[in-house]
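Undergrad: Below: one structure in structure tokens.
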Amino acid sequence: MASITLDHLVKKYDDGFPAVNDVSIDIADGEFIILVGPSGCGKSTLLRMIVGLEDITSGNLLINGRRVNEAAPRDRNLAMVFQNYALYPHLTVFENIAFPLRLAKGKLTEAEIRERVTTAAATLELSEHLDRKPANLSGGQRQRVAMGRAIVRQADAFLFDEPLSNLDAKLRGQMRSEISQMQRRLGVTSVYVTHDQTEAMTLGDRVAVLKKGVLQQIASPRELYEQP
Ligand code: ADP
Ligand code: ADP
């Protein structure tokens with residue numbers, strides 16, 4: 001697990017306009033932070049800066065107090081969960097979940113990989129589907145496989161980029177409570193991008209509101225959405 005500190009982070013693309021403009025947030029170990037705001041406000045850019053897919057123009061990013069501005073994504077031990085799941089169609093559920101462990105070659109034995117994958121699959125109620133291919137799963141099950149890949153790495157934090165936006169309303173509600181339960185069970189630091197207000201209200205310990213790259217407000221869902 002990890003604390004994540006965003007310290008006056010700025011991102012300017014080639015046009016020079018700051019997509020992320022002087023954003024500072026202290027994310028505590030185990031905290032669930034939601035990033036909300038209209039399309040184009042800089043949510044994805046901020047998330048990609050944290051995970052290391054986007055260079056930081058200025059400011060500092062610290063994980064557990066260590067400055068990681070220049071660290072490669074693989075050296076940050078964070079797990080990104082994308083909205084399109086990014087599953088490999090030709091691999092089984094087992095192999096999809098095992099994939100990040102196999103990339104980290106030589107570190108784990110086959111027995112250790114099997115142990116981690118089956119434990120993650122049990123947590124996600126995927127044990128009966130380990131031999132299936134992604135095409136034979138429901139949207140919600142695919143989402144869980146994507147999360148299994150994050151769990152199995154024992155990452156310091158999960159970063160979610162609108163993970164539920166491709167699901168229908170019923171499934172979205174179901175997955176919302178699954179994510180919430182899992183985050184509390186694992187107690188893993190999470191940063192979650194959405195433009196769904198229900199997700200912002202129900203999932204987060206705190207909600208950060210961005211507008212044109214600027215942090216407008218950061219508060220608990222209750223403070224933010226319940227008028228006094
Ligand atoms: P979202 O609505 O989920 O934020 P977008 O459609 O805005 O997604 O962006 C999709 C992809 O296009 C992202 O990888 C983003 O970096 C890239 N992108 C967005 N805006 C621009 C732009 N003005 N110039 C170049 N690439 C862009
Ligand atoms: P959000 O995720 O909130 O929709 P983004 O982080 O995708 O916002 O985009 C923030 C701003 O940065 C937008 O104005 C977008 O057009 C711009 N942008 C995003 N990616 C790129 C890119 N690769 N190149 C240039 N501009 C980009």
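Undergrad: What are the ³J(HN,Hα) couplings of region 165-180, residue after residue, when phi is run through the Karplus curve with 6.51, -1.76, 1.60 and θ = phi - 60°? Round to Hz, x for glycine and proline.
TA: 6, 8, 9, 6, 4, 5, 5, 4, x, 5, 5, 4, 6, 5, 4, 4
Undergrad: Relative to the longest principal Cα axis of the chain, at what angle does helix 93-103 sit, 0 to 90 degrees, rounded to 10?
TA: That works out to roughly 70 degrees.
Undergrad: Hey, another quick one. Give Lys133/Lys170; Lys107/Lys212; Lys43/Lys107; Lys11/Lys107 a once-over and call out the pairs whose C-alpha atoms are over 31 Å from each other. Show your work: numbers first, answer last.
TA: Values: Lys133/Lys170 23 Å; Lys107/Lys212 43 Å; Lys43/Lys107 34 Å; Lys11/Lys107 35 Å.
Where the Cα-Cα span goes over 31 Å, the pairs concerned are Lys107/Lys212; Lys43/Lys107; Lys11/Lys107.
Undergrad: Calculate the radius of gyration of the Cα atoms of the chain to one decimal place, then report Dmax, the largest Cα-Cα distance, as a whole number, both in Å.
TA: Values for the chain (Cα only, Rg and Dmax): 17.6, 56 Å.
Undergrad: On a 0 to 90° scale, report how tilted helix 139-152 is relative to the longest principal axis of the chain, with both axes built from alpha carbons and the result rounded to the nearest 10.
TA: 80 degrees
Undergrad: Calculated FRET efficiency, Ser177 and Ser39, Cβ-Cβ r, R0 30 Å, to nearest 0.05?
TA: Details: r = 26 Å, r/R0 = 0.86.
Between Ser177 and Ser39 the formula returns 0.70.
Undergrad: For Ala72 and Gln217, compute 0.36 nm times the residue count separating them, minus their Cα-Cα distance, and round to one decimal in nm. Let's see the in-between values first.
TA: Details: separation 145, 0.36 × 145 = 52.20 nm, distance 3.00 nm.
Stretched out fully, the Ala72 to Gln217 stretch lengthens by 49.2 nm.
Undergrad: Amide H neighbours of Ala157 under 5 Å, at least 5 residues apart or on other chains, H built in the peptide plane: list them.
TA: Residues meeting the amide H criterion: Ala79.
Undergrad: What does the extension gain come out to for Asp168 and Thr119, with contour length at 0.36 nm per residue minus their alpha carbon separation? Write down the numbers at each step before the final one.
TA: Working: separation 49, 0.36 × 49 = 17.64 nm, distance 2.80 nm.
Computed gain between Asp168 and Thr119 is 14.8 nm.
Undergrad: Next up: For region 1-74, which GluC sites (Glu not before Pro) are both in a DSSP coil and crowded by at most 16 other Cβ atoms within 10 Å?
TA: On the way: sites: Glu31, Glu54, Glu70; in loops: Glu31, Glu54, Glu70.
Hits after loop and neighbour filter: Glu70.
Undergrad: Using a 10 Å cut-off on Cβ atoms, rank the peptides 211-219, 147-155 from the highest mean neighbour count down.
TA: 147-155, 211-219
Undergrad: A further question on this structure: Please build a GNM for the chain, connecting alpha carbons under 10 Å apart, and tell me which residue among Pro163, Pro89, Pro18 fluctuates the most.
TA: Of Pro163, Pro89, Pro18, the Gaussian network model singles out Pro89 as fluctuating most.
Undergrad: Round to a whole angstrom and tell me the spacing of the C-alpha centers of region 29-101 and region 168-203.
TA: Measuring centre to centre over Cα atoms gives 17 Å.
Undergrad: Averaged per residue, what accessible surface does the chain expose to a 1.4 Å probe, in Å²?
TA: Values: 11330 Å² over 228 residues.
Counting only protein heavy atoms, the per-residue value for the chain is 50 Å².
Undergrad: Given only helices, namely DSSP H runs of n ≥ 4 each adding -39500 (n - 2.57), what is the per-residue ellipticity at 222 nm of the chain, to the nearest 500 deg cm²/dmol? Could the numbers behind the result be given before it?
TA: Working: 7 runs with 78 residues, N = 228.
Theoretical 222 nm ellipticity from helices: -10500 deg cm²/dmol.
Undergrad: Sticking with this one: Per the 1.4 Å probe, what fraction of the accessible area of the chain, in percent, lies on carbon and sulfur atoms? Don't skip to the end; give the middle numbers.
TA: Working: 5400 of 11330 Å².
The C+S portion of the solvent-accessible surface of the chain is 48 percent.
The values are calculated or read from the model by the stated rules, or taken from the named source; none is laboratory data. Keep in mind the model is a prediction, meaning the values are calculated, not measured. Neighbour counts run over all protein chains shown; Cβ positions are idealised from the backbone, glycine included. Accessible surface is based on the protein model in full, side chains and every heavy atom, while ligands, DNA and RNA are left aside. Shrake-Rupley method; radii C 1.70, N 1.55, O 1.52, S 1.80 Å.
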